[in-house]
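To start, the structure under review is shown below, and the notes come after it.
The values are calculated or read from the model by the stated rules, or taken from the named source; none is laboratory data. The structure displayed is predicted, hence computed values, not measured ones. Positions of Cβ are backbone-derived with ideal geometry, glycine not excepted, and every protein chain shown enters the neighbour counts. For accessibility, only protein heavy atoms count, side chains too; no ligands or nucleic acids. Shrake-Rupley method; radii C 1.70, N 1.55, O 1.52, S 1.80 Å.
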Amino acid sequence: MLSTPRQRTHRPESGHGSNRWAGAFSFEGYGAVITLRASDASVLAALPRVLPPGARPSGALSFSRAADALYSVVATPATPTRGVAPAHVLFEGSRRIAESADLDALLARLESEVHFKVALASRTRLFVHAGVVGWRGTAILVPGRTHTGKSTLVAALVRAGATYYSDEYAVLDDAGLVHPFARPLGIRDDRGRTHPVSAASLGATVAGAAAPVGLVISTRHVAGARWRPTPMSPGETVLALLENTVAARRRPADALRMLGAAVAKARALRGVRGDAARVAEQILASSPSTST
Amino acid sequence: MAHLRPSYPTSRQTGLLIEQVGDDTIVYDETRKRAHSLNRTAATVWRHCDGRRSLSQLAEVLSTELGAATDEHVVQYALDRLEDAHLLEDGASDGSQRVSRRDALRRVTLAGAVIALPAVLSIASPTPAMAQSPDSGVIL
């Protein structure tokens with residue numbers, strides 16, 4: 001379990017030359033530069049798994065203000081302090097943001113933080129919280145925050161034959177094209193816990209190229225609801241996407257321009273949905289190809 | 001039916017980002033961190049609120065641009081929506097003259113017009129924390 005951070009014994013040292021670190025590396029993703037470090041060699045070796053799709057090693061370590069974030073994982077000491085439960089601790093800068101005795105859980109949290117930081121700090125793309133699949137040459141976007149059921153709908157769409165782009169972010173470029181951000185899907189179990197599931201295990205093909213937006217679906221799950229969507233105007237569609245845009249306040253001009261380009265030729269539907277599998281089939285059946 | 005007094009509304013010009021999307025106009029308010037979508041009717045009224053046109057003159061412009069007869073009540077209904085969104089200069093519209101949706105719809109219907117009622121949809125621009133899925137990818 002991750003617990004609420006408390007003031008305890010471990011603190012990352014501000015100096016990057018400290019010998020308490022087993023190592024560090026920086027990466028660049030979508031224009032954002034982030035540095036990761038760990039106090040333990042085995043933890044350090046596990047850190048690459050939290051990188052976002054498309055991340056590239058940065059040429060040099062960046063601890064300066066030029067970096068968008070520094071994350072530090074302080075691993076459980078070999079000899080824990082008496083009376084203190086052992087826990088790995090995650091810091092952003094000098095701020096303690098999570099701790100857990102379960103390293104996998106802590107790394108999952110780190111992954112979420114890193115991806116979000118990249119989404120916020122990106123200088124080359126616009127990140128919208130949305131599930132994305134490809135279908136007949138266009139992308140279908142399902143914007144929404146957590147607990148709206150977008151991952152479930154994305155999983156149903158790829159099971160029905162759509163190509164997988166992302167269950168978390170629609171990554172838009174200046175032309176309004178959507179790029180793949182194909183991390184494992186986060187599927188919730190009956191207890192509300194999220195488990196990573198690879199697209200391949202769902203029989204899905206992972207997209208390899210950007211696509212124009214063909215359809216935007218603003219929906220949320222309501223048990224027993226029938227799918228009777230109503231069309232959205234281009235303006236409504238932009239607002240639906242802007243509400244889920246990570247850097248909406250930081251880059252509003254870019255957001256308007258890129259979202260406007262994205263929806264220029266897209267249809268958009270709004271409505272509550274029930275069973276994801278059935279709705280997925282209806283959505284795909286009603287989605288024409290780009291050539292028609 | 002409300003009697004409308006002369007008014008010369010002025011659209012707000014500062015602190016706004018504007019993007020045309022199809023027939024809709026997106027206006028982002030950098031001060032209030034809100035975004036608005038104006039349909040064509042509302043956007044036409046807003047664009048011509050220059051502080052020199054009266055309601056009747058705005059109605060004429062609206063009729064010309066949309067190709068359908070309309071009147072001051074429809075304009076006033078648009079101004080009410082625009083004022084609610086803080087897209088008019090302060091005091092540009094007299095709040096006591098508000099026109100109900102029913103009145104505006106009746107005016108449009110009586111005129112046999114095929115225009116949409118003025119509409120302004122608004123959202124608060126999300127903070128990064130609002131846009132974040134808090135436990136995405138995490139097994140707790």
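Report, by residue number, each residue of the stretch A:89-110 that is open to solvent by 10 Å² or more (accessible area, probe 1.4 Å), hydrophobic (A, V, I, L, M, F, W, C) and in a helix (DSSP H, G or I).
A:LEU103, A:ALA108
Any residue that is assigned to a loop (DSSP other than H, G, I, E, B) and either within 14 Å of the chain's Cα centre (by Cα) or charged (D, E, K, R) (or both) - is there at least one of those in the stretch A:149-163?
Within the stretch A:149-163 (the criterion being assigned to a loop (DSSP other than H, G, I, E, B) and either within 14 Å of the chain's Cα centre (by Cα) or charged (D, E, K, R) (or both)), the answer is no, since none of the residues qualifies.
Looking at A:LEU120, A:LEU126, A:LEU107, which is the one that is within 10 Å of chain B (Cβ to nearest Cβ), closer than 24 Å to A:ALA261 by Cα and touching a residue at least 60 places away in the same chain (Cβ under 8 Å)?
After ruling out the rest, the residue left standing is A:LEU120.
Looking at B:ARG53, B:ARG32 in this structure, which one is touching a residue at least 24 places away in the same chain (Cβ under 8 Å) and either within 15 Å of the chain's Cα centre (by Cα) or open to solvent by 90 Å² or more (accessible area, probe 1.4 Å) (or both)?
That would be B:ARG32, the only listed residue that is touching a residue at least 24 places away in the same chain (Cβ under 8 Å) and either within 15 Å of the chain's Cα centre (by Cα) or open to solvent by 90 Å² or more (accessible area, probe 1.4 Å) (or both).
Can we say B:ALA111 is at pLDDT below 75, surrounded by fewer than 16 Cβ atoms within 10 Å (Cβ to Cβ) and away from every other protein chain (no Cβ under 14 Å)?
So B:ALA111 fits the description; yes.
Among the residues of the stretch B:56-89, how many are among the charged types (D, E, K, R), open to solvent by 50 Å² or more (accessible area, probe 1.4 Å), touching a helix residue (DSSP H, G or I) at 6+ places or on another chain (Cβ under 9 Å) and farther than 19 Å from B:LEU121 by Cα?
So the count comes out to 2.
Suppose the filter is open to solvent by 60 Å² or more (accessible area, probe 1.4 Å), within 10 Å of another protein chain (Cβ to nearest Cβ) and at pLDDT 95 or above; does A:GLU243 pass it?
yes
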